[in-house]
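Right, one structure below, let's go through it.
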Amino acid sequence: MRIILIGGGETIETIYFLARHFSKEGGQVTVLDPDPDEARMLSQRVQATVILGDGSDPAALEQAGARRADVLIALAAYDPDNLVACQIAQQMFGVPRTMALVNDPENEAVFHQLGIDIVFSATKIIGLLISEHTAYEDIANLIPVADGRVHVSEVILPKGAPGAGRPLKELGLPHGCLVTTVIRRGKVIVPGGNDALQVADRLVLVTLIENHEQALQILTGDRGL
Amino acid sequence: MVVIDPNQEAFNNLSVEFSGFTITGDAAELDVLRKAQIERADCLLAVSRHDNINLMVAQVARQVFGVSKVIAQVHDPAREAIFQRFGVDTICPTNMVAEAFLIAAVNKDQGGQA
């Protein structure tokens, strides 16, 4: 697979790791970066053809082999640069797949509408991770399943948690929420409704997206951020 | 008339008779365009120094907000050609200046012959 990565701005580390990842998987990677220092650093560190140039300049894209490329991934720091790079790749060089990073989450829909195949918003992804993950300090781990409608999370009951000391069935946990497993001092317990949780228990909790917050509040007392 | 510029000092260049509104911000942000009430605009001219911003703003104005008359300034002739084919109305100052120089040079030649 022939892959062109477009850099520019503060995304050099992303470019570096992606270039390394794709070339390890046998891809033929070409990086186009407008910054001389970044281009030099990349050329020394990755198994890729690195070209000093602007990813939205048709001549530079041609030089990077856009005519034969299978994918172009635009990772520049400024959204308009990524849009134009992808559009030129499609229109002029017929690159079959274009992907772009957007910084303004609103641009995700805009880029789709303007014909970019795959758009990822780093701000949105990080924002989701932060709000789902660290909003509750007692959550050690969280996995969204079923397209994010169900959450499987690992929760540690903090001191003073309202969920400790009373049988599970009396806590008033919302429908569709289940404490599936309790890990207590290294032992695994599958709790029933008459079992009570204890402070420092590690719970594996399954919730629906709509009752996730309520369940956490009942168990840990944490209202989130 | 609404003028959008990321640099507030740029508005000092507007003539004293300018009676429109100014908005400080990046026109490549939907929010900034909405603040300028783009939904109600009949015409948008994207004339920043950066081709990519102009090309993006022009397409957003046209396709997202349905502005009927949209023109983008594109300095790079190669880029201009692609987007013109792609249906974006563009003006390329580089080509215009080159043409003006060519005409001036030809006229001068002819003047010399006379």
For this session: Please tell me the relative contact order of region A:1-113 in percent, rounded to the nearest whole number, where contacts are Cα pairs under 8 Å and at least six residues apart.
Result: 27
Exercise. Tally Lys and Arg at +1 and Asp and Glu at -1 over the other residues with C-beta under 12 Å from the C-beta of A:GLN113: what net charge comes out?
Worked result: -1
Exercise. If each of A:GLN214 and B:THR94 carries a label point 7 Å out from its Cα toward its Cβ, how far apart are those two points in nm?
Worked result: 6.1
For this session: Output the peptides A:71-78, B:1-8 sorted from most to least packed, where packing is the average of other Cβ atoms within 10 Å over each peptide's residues.
Result: A:71-78, B:1-8
Problem set entry | Percent of beta bridges antiparallel (DSSP, the protein assembly as shown, rounded to nearest 5) | 40
Seminar exercise, completed: So, with points 7 Å from each Cα along the Cβ direction, the A:VAL150-B:PHE18 label distance in nm works out to 5.9
For this session: Report the FRET efficiency, 1/(1 + (r/R0)^6), for A:HIS175 and A:VAL199, where r is their Cβ-Cβ distance and R0 is 30 Å, rounded to 0.05.
Result: 0.70
For this session: Would you mind working out the magnitude of the charge dipole of chain A relative to its Cα centre, with +1 at each Lys and Arg C-beta and -1 at each Asp and Glu C-beta, to the nearest 20 Debye?
Result: 1080
For this session: Please work out how much length the chain gains when fully extended from A:VAL188 to A:LEU52, using 0.36 nm per residue of separation minus the C-alpha to C-alpha distance, in nm with one decimal.
Result: 43.3 nm
Exercise. Using a 1.4 angstrom probe and counting only protein chains, how large is the accessible area of A:GLU25 in Å², to 10?
Worked result: 130
Exercise. Which helices, taking whole DSSP H runs in chain A, have alpha carbons extending 15 angstrom or more along the helix axis plus mean Kyte-Doolittle at least -1.0?
Worked result: A:12-24, A:79-93
Exercise. Tell me, what is the percent relative contact order of chain A, built from C-alpha pairs under 8 Å that lie six or more residues apart?
Worked result: 14
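Inside 10 Å of the C-beta atoms of A:86-92, what's the mean count of C-beta atoms belonging to other chains?
4
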For this session: Can you find, among A:GLN214, A:ALA200, A:LEU171, the residue farthest towards the positive end of the dipole of region A:156-225? Put +1 on the C-beta of Lys and Arg, -1 on that of Asp and Glu.
Result: A:ALA200
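The values are calculated or read from the model by the stated rules, or taken from the named source; none is laboratory data. Just so it is clear, the model here is predicted, and its values are computed rather than measured. Note: ideal-geometry Cβ built from the backbone for every residue, glycine included; neighbour counts use all protein chains shown. Accessible surface is based on the protein model in full, side chains and every heavy atom, while ligands, DNA and RNA are left aside. Shrake-Rupley method; radii C 1.70, N 1.55, O 1.52, S 1.80 Å.
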